[in-house]
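Colleague: Supplied in structure tokens, the structure appears directly below.
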Amino acid sequence: KEKEVARKSATRRLRLPGKLADCSSSDHEATELFLVEGDSAGGSAKQARDRKFQAVLPLRGKILNVASASIEKLSANQELSDLSLALGVKTGKDFRLDDLRYGRIIIMTDADVDGAHIAALLMTYFYREMPQLVEAGRLYLAQPPLYRLTQGDKTVYALDEEQREANMTNAFEGRGKVEISRFKGLGEMPPSQLK
């Protein structure tokens, strides 16, 4: 089966998943691939990205937990095959770092429990199936803020409640009202702010 696949892939040109918004640069070292959850986050990320060197791949919900899945289940999973197709690499012992189409892979999930779970599942996938990618320092985890604090024309972002409280006391002067926005997900963030 492996020989068959190798023969097929030698004859076909590079095929990319339909959901991938690719970047225009062919300098693989300078490019980034953002893995976001769902189409709403994908839409915001696609509008906020720099098309020259940033690509976006929206993932549909929670991916397969590769720590407990069989090889058959793994190879049949559409999300994971789309991901390895987008990266331009094979998994397991056939993985070659030189084939990687992006310099950095950035997991950008929502700042909630589900987002943390999806990020953990993705990190497990990369660690199990592409350990060289992790060892080479190519895998990143973006930390989107939970809060935006605005007073007049000054805007400050906070990762969590603790940072929000610290910013409330340190970042703003005067008696003006501080407006607090909470982002439940990346899809709710306007592209300008996500950028």
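The values are calculated or read from the model by the stated rules, or taken from the named source; none is laboratory data. None of these values were measured; they are calculated from a predicted model. Every residue, glycine as well, gets a Cβ built from its backbone with ideal geometry; the counts of neighbours run over all protein chains shown. Note: areas computed on protein heavy atoms with side chains; ligands, DNA, RNA excluded. Shrake-Rupley method; radii C 1.70, N 1.55, O 1.52, S 1.80 Å.
Colleague: Report, by residue number, each residue of the range 169-190 that is assigned to a loop (DSSP other than H, G, I, E, B), open to solvent by 20 Å² or more (accessible area, probe 1.4 Å) and either closer than 24 Å to Glu37 by Cα or touching a Phe, Trp or Tyr at 6+ places or on another chain (Cβ under 8 Å) (or both).
Modeller: Answer for the range 169-190, where residues must be assigned to a loop (DSSP other than H, G, I, E, B), open to solvent by 20 Å² or more (accessible area, probe 1.4 Å) and either closer than 24 Å to Glu37 by Cα or touching a Phe, Trp or Tyr at 6+ places or on another chain (Cβ under 8 Å) (or both): Val178, Lys184, Pro190.
Colleague: Which one of Ala119, Ala111 is touching a Leu at 6+ places or on another chain (Cβ under 9 Å) and over 17 Å from Arg182 (Cα atoms)?
Modeller: Ala119
Colleague: What is the one condition in (1) in a strand (DSSP E or B); (2) touching a helix residue (DSSP H, G or I) at 6+ places or on another chain (Cβ under 8 Å) that Arg101 does not satisfy?
Modeller: The failed condition is (1).
Colleague: How many residues does the range 117-164 contain that are under 22 Å from Ala69 (Cβ atoms) and open to solvent by less than 60 Å² (accessible area, probe 1.4 Å)?
Modeller: 14
Colleague: Sticking with this structure for a sec: I'd like to know if the range 74-83 contains one or more residues that are of a type in the set (Ser, Thr, Tyr), part of a helix (DSSP H, G or I) and open to solvent by less than 30 Å² (accessible area, probe 1.4 Å).
Modeller: Within the range 74-83 (the criterion being of a type in the set (Ser, Thr, Tyr), part of a helix (DSSP H, G or I) and open to solvent by less than 30 Å² (accessible area, probe 1.4 Å)), the answer is no, since none of the residues qualifies.
Colleague: Give me the residue from the range 88-107 that is within 12 Å of the chain's Cα centre (by Cα) and among the hydrophobic types (A, V, I, L, M, F, W, C) and, out of that set, most open to solvent (accessible area, probe 1.4 Å).
Modeller: Here the residue is Ile106.
Colleague: In this structure, is Arg175 basic (Lys, Arg), in contact with a strand residue (DSSP E or B) (Cβ under 6 Å, 6 or more places away or on another chain) and modelled with pLDDT under 90?
Modeller: It is false that Arg175 is basic (Lys, Arg), in contact with a strand residue (DSSP E or B) (Cβ under 6 Å, 6 or more places away or on another chain) and modelled with pLDDT under 90.
Colleague: Being touching a strand residue (DSSP E or B) at 6+ places or on another chain (Cβ under 9 Å), open to solvent by 60 Å² or more (accessible area, probe 1.4 Å) and more than 13 Å from Leu133 (Cβ to Cβ) narrows it down to one residue among Asp110, Asp114; which is it?
Modeller: Result: Asp114 is the single residue among Asp110, Asp114 that is touching a strand residue (DSSP E or B) at 6+ places or on another chain (Cβ under 9 Å), open to solvent by 60 Å² or more (accessible area, probe 1.4 Å) and more than 13 Å from Leu133 (Cβ to Cβ).
Colleague: Also, quick follow-up: Could you grab me the full set of residues in the range 22-48 that are of a type in the set (D, E, K, R), in contact with a strand residue (DSSP E or B) (Cβ under 6 Å, 6 or more places away or on another chain) and in a loop (DSSP other than H, G, I, E, B)?
Modeller: Asp22
Colleague: Could you please find all residues in the range 1-25 being modelled with pLDDT of 85 or more and either open to solvent by 60 Å² or more (accessible area, probe 1.4 Å) or not aliphatic (A, V, I, L, M) (or both)?
Modeller: Result: Lys19, Asp22, Cys23, Ser24, Ser25.
Colleague: Could I ask something else about it? Based on this model, can you work out whether Ala119 counts as among the small types (Gly, Ala, Ser), within 26 Å of Arg96 (Cβ to Cβ) and without any contact (Cβ under 8 Å) to a residue 24 or more places away in the chain?
Modeller: When the stated conditions are applied, Ala119 passes them.
Colleague: Name every residue in the range 108-140 that is hydrophobic (A, V, I, L, M, F, W, C), at pLDDT 95 or above and assigned to a strand (DSSP E or B), in order of residue number.
Modeller: Within the range 108-140, just Leu139 meets the criteria.
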